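Some notes on the structure that comes next.
What follows is calculated from the coordinates using simple rules that are stated; it is not laboratory data. All values derive from a computational prediction rather than experimental measurement. Positions of Cβ are generated from backbone atoms using ideal geometry, with glycine treated the same way; all protein chains shown enter the neighbour counts.
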Amino acid sequence: MKIDEAREVRTTCPYCGVGCGVLAKVAADGEITVRGDPDHPANFGRLCSKGSALAETIDLDGRLLYPEIHGRRTGWDEALDLVASTFSQTIAEHGPDAVAFYVSGQLLTEDYYVANKLMKGFIGSANIDTNSRLCMASSVAGHRRAFGSDTVPGSYEDLELADLIVLVGSNLGWCHPVLYQRIAAAREKRPEMKVVLIDPRRTMTADIADMHLAIAADGDVALFTGLLAYLGKNDALDRAYIAAHTTGFEGAIAAASALDLSGIAAATGLGEDELVRFYSLFTATAKTVTVYSQGVNQSCSGTDKVNTIINCHLATGRIGKPGTGPFSVTGQPNAMGGREVGGLANMLAAHMEIENPEHRGRVQRFWSAPAIAKKPGLKAVEMFQAVADGRIRALWIMATNPVDSMPDADAVEAAIKACPFVVVSDVLAMTDTVRHAHVRLPAAAWGEKDGSVTNSERRISRQRAFLATPGEARADWWIIAEVAKLMGFGEAFSHASAADIFAEHAAVSAFENDGARDFDIGAYAGVDAETYEELAPFQWPAPASPSPSRGGSAR
C-alpha cells in the first residue's frame, strides 16, 4: 500500500473497546502525530492518555521483522511450507481436532474471518478460540439467552440521554476513559442526571457517582434479582412490553420474590437502607442505562449476572429507546468483531450457531466448504489443557501472549513447551509465548495494518495503514490465507485485499437471512476497494433489503 505523507489518515485507536477515531500523519521528516478525530461518533475528538500517546509507542525496537524457524531467520516460503505441511500431516495422522488456533481481540475483523473460515470450514474443527473468551464470553452467553442473539441493544449516545446511569463492575474512569468523559460532560450540561456505581472498590469512577454501593464480591445476582422483585411489588413493570416481547416472565418474578430484603442485604453486604435508595431511584427513573464490564463478566456466575441486569430492563421496557438499555462495554478493540465472524469455539460466522444443523448447512453452502465443523471446539482454558495432555499436537497462536494472560499461566507455559509444533504470529520478537515457538511469523502492527474493527456499540470502523510495513512483516489475513492455499484450499482463500474479505464477511451476514439474524451488514456485501477505502463508521444492522441502510441502527 502506498502511504501518502501529505494527508492525515483516519483510523482507530488500538487499545480498548470504545473504538475512538484518530487522525494520524507522518511528516516528511518521519515525525508521527496522532490526534482525536472530531468527526468520529465514538469520541468526537476526545482521547484518553493512552490514545494521546499513540505516536510515542511506534518503534521498531523489539519488533519481529522476519520469519524464523527454531530461532533461525528464514524466508516466507520455507516458513509457510513448514506450517502448512505440519498442520496437514497432523490432521492426516490424528484428525482435525488435533490442531487449534488461539487468536485475539487485537486481530482485525478480516484477519479473524479468514482464521475462522480455515479452521471451521476447511480443516473441519471448531478448535479456534480467542483471548476475548476470558472477558466477554459471559456477555455473549447472556445476550443469546435473553435476546436469542449476541446483540448490544444500545449506543454511546444513550449514556448522554439517560437520566440515570448505573455502572456495575466497571471502572470507566481508568478502563474506558472517553466514555467516562462523555458521561461527565453530559452531567455538566444536565446536573439532574444521576450516576450509581456498584463496585466492591472505591475507584476513580466514584468521583462522578451520586451513590456508591460497595457490594460484596459476586453479590450482583442477588442485587438485581432483588431489584426485579422490588419493581414487581411497586407496580413499576411495563406489562404491555412484557406481553409483547418476553416469555417466562411470571416464573422469573416468582423466583425473584423468594428472597426478602434482609436476605438480599446479607448476600450483597449492603444495608437495607442502601438497597431501598437504589431500588427507589431505579424505579422512579424511566431513562436508565446500566453499564457493565469485567467486574460482571469475569465471574463463575457472570452469565447469570448479565441476565439479571437485562431482566430488569426487559421488565420495565427500558430497552430499545433513547437513553435506556443494558450496555456491555468490551475490553479489547475488536472483541466485537471477533464475535461477529464466529471467532469463539462455540459459534459460526455471522452470529450463526455451530450446534444448529440449518446454520451449519448455510455456512457450508456459502463457503463451498468441504468439512464444516459439526460440534463446538475447545474453549480457551480447555484448549490449553488439551495441549498439555497431547490431544492438540499443533497450535497456532496469533496476536496474543497466553503465557502472560491465561489463568494458571505456569501450566499454560508447560503445555506450550511440550507441544510438538507451535506457531506464533506476533509483532514482537520476544515474549513469554514467542520464546517457545517452533515457527515465528512477523505480523503487521497498528499503523501498518489495514482492515476494520467493531466497538462496544456495534459500530464498525476502518483501521487504516499510514506506515509502510517494516522488514518482511505481513498482514495476519495474508499469512493465514497463504497457509490455507498450501494446504490445498487455494480457491476459497484467493482474497486479494482486506476489502475482498470484508465484502465476503458482509455477504455471509446477509446470506439466507431475511431478518432472522440481527447481525446483517448486507448493504456492504458488494463493496469494492474504493468504497472500502472511504468507508465511514456505521452501526449494524445495515441490511441490503428491503432498502439498503448503510447508516445502520442505533438501537
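Packing-wise, with mean Cβ within 10 Å as the measure, how do 158-165, 306-313 rank, highest first?
On the way: 158-165: 22.0, 306-313: 24.6.
The densest-packed peptide leads the list: 306-313, 158-165.
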About the Cα centre of segment 402-515, what is the dipole size in debye to 20, counting +1 per Lys and Arg Cβ and -1 per Asp and Glu Cβ, all else neutral?
-> 280 debye
Applying the gyration tensor rule to the Cα atoms of segment 203-333 (axes a ≥ b ≥ c; rounded if a/c under 1.5, else prolate if a/b exceeds b/c, else oblate), the class is rounded
Point-charge dipole on Cβ atoms (K/R +1, D/E -1) for the chain, about Cα centre, debye to 20 = 660 debye
At R0 = 35 Å the Cβ-Cβ FRET efficiency linking Ala536 and Ser52, nearest 0.05, sits at 0.90
Specify which residue in the list Pro370, His313, Gln463 is farthest towards the positive end of the charge dipole of the chain, using unit charges on the beta carbon of Lys, Arg (+1) and Asp, Glu (-1), about the Cα centre.
-> His313
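Take Lys305, Lys321 and order them by how many other Cβ atoms sit within 10 Å, fewest up front.
Numbers: Lys305 25, Lys321 15.
The order, fewest Cβ neighbours first, is Lys321, Lys305.
Given the pairs Lys25/Lys485; Lys321/Lys375; Lys233/Lys321; Lys117/Lys449, which span a C-alpha to C-alpha distance of over 27 angstrom in this model?
Working: Lys25/Lys485 36 Å; Lys321/Lys375 37 Å; Lys233/Lys321 24 Å; Lys117/Lys449 20 Å.
Those over the limit are Lys25/Lys485; Lys321/Lys375.
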When a/c is below 1.5 the answer is rounded, else prolate if a/b is larger than b/c, else oblate, so apply that to segment 454-531 with a ≥ b ≥ c taken from the square roots of the Cα gyration tensor eigenvalues.
-> oblate
Integer Hz, Karplus 6.51/-1.76/1.60 couplings in order for segment 436-448, x for Gly and Pro | 9, 7, 6, 10, 10, 10, x, 9, 5, 9, 4, x, 10
Residues of segment 47-63 with amide N under 18 Å of the 7 Å Cα→Cβ point at Ala429 | 58-63
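Rounded to the nearest 20 Debye, what is the dipole magnitude of segment 268-416 about its Cα centre when Lys and Arg each give +1 and Asp and Glu each give -1 at the C-beta? Intermediate results must be reported in sequence, preceding the final value.
Values: 14 positive and 14 negative charges, 163 e Å.
So the magnitude is around 780 debye.
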When the charge dipole of the chain is computed with +1 on Lys and Arg Cβ and -1 on Asp and Glu Cβ about the Cα centre, the Cα farthest towards its positive end, among Thr33, Phe502, Ala394, belongs to Phe502
Normalised by the residues of the chain, what does the relative contact order come to in percent, with Cα pairs under 8 Å and at least six apart?
-> 22 percent
Under 19 Å Cα-Cα from Lys287, which aspartates and glutamates qualify once same-chain neighbours fewer than 8 residues away are excluded?
-> Glu157, Asp158, Glu160, Asp163, Glu188, Glu192, Asp210, Asp235, Asp238, Glu457
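Cut-off is 10 Å between beta-carbons; in what order do Met430, Met352 appear when sorted fewest neighbours first?
Exposure proxy ranking, most exposed first: Met430, Met352.
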Positive-end residue, the chain charge dipole about Cα centroid, Cβ charges, pick of Cys16, Leu227, Asn297 | Leu227
Order the peptides 356-366, 387-397 from the highest to the lowest mean number of other Cβ atoms within 10 Å of their residues.
-> 387-397, 356-366
Going through segment 125-182, which trypsin sites (Lys or Arg not before Pro) have at most 13 other Cβ atoms within 10 Å and a DSSP loop state?
-> none
Loop-only check: which GluC sites (Glu not before Pro) in segment 173-267 are DSSP coil with at most 12 other Cβ within 10 angstrom?
-> Glu192
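Calculate, in whole percent, how much of the Cα-Cα pair population of the chain lies beyond 30 Å.
Values: 77933 of 153735 pairs.
Of all Cα-Cα pairs in the chain, 51 percent lie more than 30 Å apart.
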